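This report concerns only the one structure given below.
The values are calculated or read from the model by the stated rules, or taken from the named source; none is laboratory data. Keep in mind it's a predicted model, so treat the numbers as computed, not measured. FYI the Cβ positions are ideal-geometry reconstructions off the backbone, even for glycines, and counts take in every protein chain you see. Surface accessibility is based on the protein's heavy atoms, side chains included, excluding ligands, DNA and RNA. Shrake-Rupley method; radii C 1.70, N 1.55, O 1.52, S 1.80 Å.
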Amino acid sequence: QVQLVESGGGLVQAGGSLRLSCAASGRTFSSYTMGWFRQAPGKEREFVAAIRWSGGNTYYRDSAKGRFTISRDNAKNTVYLQMNSLKPEDTAVYYCAASSSGIINYRYSYDYWGQGTQVTVSS
């Protein structure tokens, strides 16, 4: 079993930066692919970024490339999402998730989810 808790969200002006953290508890954190998803009001939950258990492979949605960076520290059981050059369309609740196998950007490949952290970007 894995428990995930997100932190680091908040209110920021367009062009600003935030760093999200996801703290995991469990015995097998390093075995999981870790992902970030987001959900805006009235919209479906969408893939943002993911990182393989080894840390050697990362994946991003097109709109995040060049602005967001996902990383993990298995020794600290923590995954991060550094978000730069934020835009109003990035406003959403951001969720951390863990997957043991499956399609990297498919939400139902993920077995465990945090409760989310709110990111609001003002224009």
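General remarks:
- Any chance A75 is small (G, A, S), surrounded by fewer than 14 Cβ atoms within 10 Å (Cβ to Cβ) and closer than 16 Å to F29 by Cβ: yes
- Selected residue (criterion: farthest from S30 (Cα to Cα)) from residues of the stretch 1-16 that are open to solvent by less than 30 Å² (accessible area, probe 1.4 Å) and assigned to a strand (DSSP E or B): V12
- In the stretch 24-40, residue most open to solvent (accessible area, probe 1.4 Å) [restricted to those that are modelled with pLDDT of 95 or more and in a strand (DSSP E or B)]: Q39
- Subset of the stretch 41-60 that is of a type in the set (G, A, S) and part of a loop (DSSP other than H, G, I, E, B) - its residue that is modelled with the lowest pLDDT: G55
- Among the criteria (1) open to solvent by 70 Å² or more (accessible area, probe 1.4 Å); (2) outside any strand (DSSP E or B); (3) farther than 19 Å from V2 by Cα, the one S63 does not fulfil is (1).
- Among the residues listed as T69, T91, the single one being open to solvent by less than 60 Å² (accessible area, probe 1.4 Å) and hydroxyl-bearing (S, T, Y): T91
- Residues satisfying the stated conditions in the stretch 98-115, i.e. modelled with pLDDT under 95, over 20 Å from G55 (Cβ atoms) and not basic (K, R): Y106, Y108
- Scanning the stretch 44-60 for residues that are open to solvent by 30 Å² or more (accessible area, probe 1.4 Å) and touching a strand residue (DSSP E or B) at 6+ places or on another chain (Cβ under 8 Å) returns R45, E46, R52, W53, G55, N57, T58, Y59, Y60.
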